[in-house]
């Protein structure tokens, strides 16, 4: 028996679980002879992992766990009665491979790729899975080493040979899952081996493609297919759910064409979205040939419709919609572009070319329909006519699914076309519907594309994540405006903030907490947070931020991939919401925060706390504080730099006006703390910093309510707080009093300069 280091109880538990898989004695022996597999199986089962059997012969897969779970599910084929000759895909071999995924060093990377929210491109996606396939290949090779069994060797012999070549180069020997690999150096070696093997495996054919001959896909090709399928389903969702052409009248009509809702066959595509309603939707490909040229008998034969009553029409780009009832004496209708029925014996046949197919199902009446919507039908609002024909009790029971039509970038239209739409529909709809390129009009889909991209850059295409997004957004829209009268820009902002919260929750919380808890220094905080957003939460090398960082701490993304993901998300957000290309404006930031507060309040159910936090904020500048801060600035530079008689210019100073060298009278350390700068925005604070190192600084500010030195005087060396004068020292100094009473101001300035000198003395030991 192999030296597996399992307790008798652990060993018995493993084989009790394996007995449910109906493995042969031969297969069980393969597992018994592999101490690595035994240890992994024990850990796998004890931490919630499961192994299931599938009657699909050529299947072996590992489903990554949900958040908070250590292991997911392994599914394997090879049902009872298989023979080696018929099926060389041996169960123990498959289990070894899939356990390699579960225990691999690239586990998180693979989860990220599978989730579709972390991978930005096809290459990133393929790289992630290549690396985890390398993990699986190494585990498979380890099982082979421990068995020395032909069953393993004959399966993927080329991969095993490559694994041997790679493993033989390493200094730790063959036991690649031994304890010696648990050191940092050992982990790095095994990780490098897995990546090298993964690169080799990219062109190999996985067992799932066994028996498919020349049409079999490689690991890379299978991954590329999955990538494309997972990323081609959101546009219609966004367009239909949040930006319907007649939203004011018909609200938000919902559909979701998820990654599992499309089945691709040689002659047709099946949309399975309505399968749950017992409605099957087939869309023929060009390969099948022209449907109008085929007889009903041919179509019925090809698609197993012999027991159905086929109903069709002469389509004329009208807005005519008919409802077929139980009486099916008539099966062909003239001048008709929409057909509805609740008769389960009816099959609807419609034709589209490059026009848009639209499928409708009402859960209440069980009425299903297909609508041919070219530009004329769209102009005549044929979908609206179809819904009116159904006459639903509530629009909430209506489901709409868009099929495949011509892409917007290829749909060139004439001026007359544009003029018709402009004369009929609201200006804001028309502007977002059309674009002009090279003097030609096109249907414009930029908004939808940007929303889609924003979602892909945040939560990805995972159906559960998308559904959660839609539910949250719909709830927010209803609470903010129950009558569904929100402008599209507001809808966009709501979608963006929910995406932000779902994908980058820690960054979202940091931003919101900093904003909500800053009534004293709100204006400066806004500029600080705007810069953080623009710099992806990397602290700029600027003295203005030292005090604020000391107050809120530092947030940063845990790795480079997260950082790049956020950068891409934020850039799309700015593009979508038409922000200033260079930098987020204060007004735009305020609007974003307003929606973030709403989103957080609703998603957390924290109505009282979050709303009350924001109610204390006062963002108006305090002119008295601005006066005192500028007077102090003038003292430090020994000139009348700021004209104190013109308060109308306070807060409007140019950047170059806000910074000057400090008078030599106040410099206590050579080349240190020698520049004074008025803070951003309304300018209610000062930063005194070192010309050669902006991380060495002193910070003082007043607040909106007229308090001076609201957070104490703080001194930093290399961004580290080394000293502070408590704010209580200055609590009896109010800006209004200092502005009106010169004697009181002189007293305040004398104390400040004394404290300033004291802090500089403390700092000297660091230089």
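Take 697, 514, 394 and order them by how many other Cβ atoms sit within 10 Å, fewest up front. Write down the numbers at each step before the final one.
On the way: 697 25, 514 19, 394 10.
Placing the least packed residue first, the sequence is 394, 514, 697.
Going by C-beta contacts inside 10 Å, put 75, 639, 350 in order with the fewest on the left.
On the way: 75 18, 639 11, 350 22.
So the ranking, lowest neighbour count to highest, is 639, 75, 350.
How long is the gain from residue 266 to residue 366 if the chain were fully straight, where each residue apart is worth 0.36 nm and the alpha carbon distance is subtracted? Walk me through the numbers on the way to the answer.
Details: separation 100, 0.36 × 100 = 36.00 nm, distance 3.07 nm.
Here the segment from residue 266 to residue 366 would lengthen by 32.9 nm.
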- Query: From the Cα gyration tensor of the stretch 679-732, with a ≥ b ≥ c the square roots of its eigenvalues, which class applies: rounded if a/c is under 1.5, or else prolate if a/b is larger than b/c, or else oblate?
  - Reply: oblate
- Task: Distance between Cα centroids, the stretch 91-106 to the stretch 290-336: provide it in whole Å.
- Result: 51
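Which order results if 567, 22, 107 are arranged by neighbouring Cβ count within 10 Å, fewest first? Provide the component values of the computation, followed by the final result.
Working: 567 15, 22 12, 107 20.
Neighbour counts put them in this order, fewest first: 22, 567, 107.
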- Item | Relative contact order, percent, the stretch 623-764 [alpha-carbon distance under 8 Å, six or more residues apart] | 19
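Any chance you could run the full-extension gain for residue 506 through residue 47? It's 0.36 nm times the residue separation minus the Cα-Cα distance, nm to one decimal.
On the way: separation 459, 0.36 × 459 = 165.24 nm, distance 2.72 nm.
Length gained between residue 506 and residue 47: 162.5 nm.
No value in this document is a laboratory result; all are computed from the given coordinates. Because the structure is a prediction, the values reported are computed rather than measured. All Cβ positions, even for glycine, are placed from backbone atoms using ideal geometry, and neighbour counts span all protein chains on display.
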